[in-house]
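> Have a look at this one.
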Amino acid sequence: MPENVTVPVPRLHHAAIPIASQRTVEPSATGNRPPLSIIKFLELSLAITCTALHYYSFDDGDLVTGFLATGTFCGFIVILITIMAGYLIKAHLHRRLSIFYSLLGCSTFLTSGIFIIEAWEHAFRTRTRDLAITKGSISIINGVIFLMDTIFTFRERK
């Protein structure tokens with residue numbers, strides 16, 4: 001073989017073999033706090049429950065209460081399904097946006113619940129009234145859960 005001919009040497013690729021120094025272990029993101037996905041699932045479940053109860057007790061007295069409740073319940077079902085889909089595909093939701101949605105959910109669910117209970121508290125005791133009072137109570141509970149979600153998101157460290 002002539003001396004000035006070079007033979008290519010095959011290179012070994014070690015990218016598929018993990019090296020201990022390349023591995024990163026992420027600390028538990030939840031610590032003592034409940035995972036945010038469980039809280040979001042609970043918020044979604046309560047929003048769907050409020051929507052179902054709203055279907056059976058729609059006559060909330062005035063138009064503003066009906067529109068506010070319908071917009072809150074249905075709007076946050078869409079928002080929470082989108083956030084849950086983002087969790088499933090491991091998409092990053094910015095912390096400020098998550099806090100904004102949680103504060104908005106807190107305020108609208110609390111307001112809807114208060115308006116619904118105020119509209120139905122002096123009505124005759126019927127099945128519709130009982131469903132409406134239950135809907136308002138669940139809405140207030142969901143508003144408190146959104147407030148807790150805001151606090152957990154604010155305290156979360158990245």
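> Would you point out the residue of region 144-158, among those that are of a type in the set (D, E, K, R) and in a helix (DSSP H, G or I), that is surrounded by the fewest Cβ atoms within 10 Å (Cβ to Cβ)? Lay out the reasoning, then the answer.
First, pick out the residues of region 144-158 that are of a type in the set (D, E, K, R): 149, 155-158.
Subsequent filtering for residues that are in a helix (DSSP H, G or I) retains 149, 155.
Working: Asp149: 23, Arg155: 9.
My answer is Arg155.
> Take Ile141 and tell me if it is closer than 19 Å to Lys40 by Cβ and in a helix (DSSP H, G or I). Quick ask: steps written out before the conclusion?
Numbers: closer than 19 Å to Lys40 by Cβ: yes; in a helix (DSSP H, G or I): yes.
When the stated conditions are applied, Ile141 passes them.
> Further question: Which residue is modelled with the highest pLDDT, if the candidates are limited to region 19-61 and must be under 30 Å from Phe124 (Cβ atoms) and open to solvent by 100 Å² or more (accessible area, probe 1.4 Å)?
Restricting attention to region 19-61, the residues satisfying the condition of being under 30 Å from Phe124 (Cβ atoms) are 46-61.
Going one step further and asking which of them are open to solvent by 100 Å² or more (accessible area, probe 1.4 Å), we end up with 55-56, 58-59.
Numbers: Tyr55: 92, Tyr56: 88, Phe58: 81, Asp59: 75.
Only one residue fits best here, namely Tyr55.
> Moving to a separate point now. Just checking, does region 94-109 include any residue being over 22 Å from Ile77 (Cβ atoms), at pLDDT below 95 and under 19 Å from the mean Cα position of the chain (by Cα)? Before the answer, list the steps.
Within region 94-109, the subset over 22 Å from Ile77 (Cβ atoms) is 95-96.
This time we only want the ones that are at pLDDT below 95, so: 95-96.
Cutting the leftovers down to under 19 Å from the mean Cα position of the chain (by Cα) gives us 95-96.
Yes: region 94-109 contains one or more residues that are over 22 Å from Ile77 (Cβ atoms), at pLDDT below 95 and under 19 Å from the mean Cα position of the chain (by Cα).
> Further question on the same structure: Conditions first: (1) in contact (Cβ under 8 Å) with a residue 12 or more places away in the chain; (2) surrounded by fewer than 17 Cβ atoms within 10 Å (Cβ to Cβ); (3) in a helix (DSSP H, G or I). Leu80 passes all but one, so which condition is the exception?
(2)
> Among the numbered conditions (1) buried (at least 16 other Cβ atoms within 10 Å of the Cβ); (2) at pLDDT 95 or above; (3) not polar (S, T, N, Q), tell me where Gly66 comes up short.
Failing condition for Gly66: (2).
> Go through region 36-67 and give me each residue that's more than 11 Å from Ser139 (Cβ to Cβ), within 11 Å of the chain's Cα centre (by Cα) and not hydroxyl-bearing (Ser, Thr, Tyr).
Leu36, Ile38, Ile39, Lys40, Phe41, Leu42, Glu43, Leu44, listed by residue number.
> Here's another thing I want to ask about it. Considering only region 103-138, state which residues are free of Cβ contacts under 8 Å to residues at least 12 places away in the same chain and assigned to a loop (DSSP other than H, G, I, E, B).
His122, Ala123, Phe124, Arg125, Thr126
> Looking at Gly86 and the list (1) open to solvent by less than 40 Å² (accessible area, probe 1.4 Å); (2) without any contact (Cβ under 8 Å) to a residue 60 or more places away in the chain; (3) touching a helix residue (DSSP H, G or I) at 6+ places or on another chain (Cβ under 6 Å), which single condition is not satisfied?
Exception for Gly86: condition (3).
The values are calculated or read from the model by the stated rules, or taken from the named source; none is laboratory data. Everything numeric here is computed off the predicted structure, so don't read it as measured data. Note that we place each Cβ from the backbone using ideal geometry, even for glycine, and neighbour counts take in every protein chain shown. In case anyone asks, the SASA skips ligands and DNA or RNA and just uses the protein heavy atoms, side chains included. Shrake-Rupley method; radii C 1.70, N 1.55, O 1.52, S 1.80 Å.
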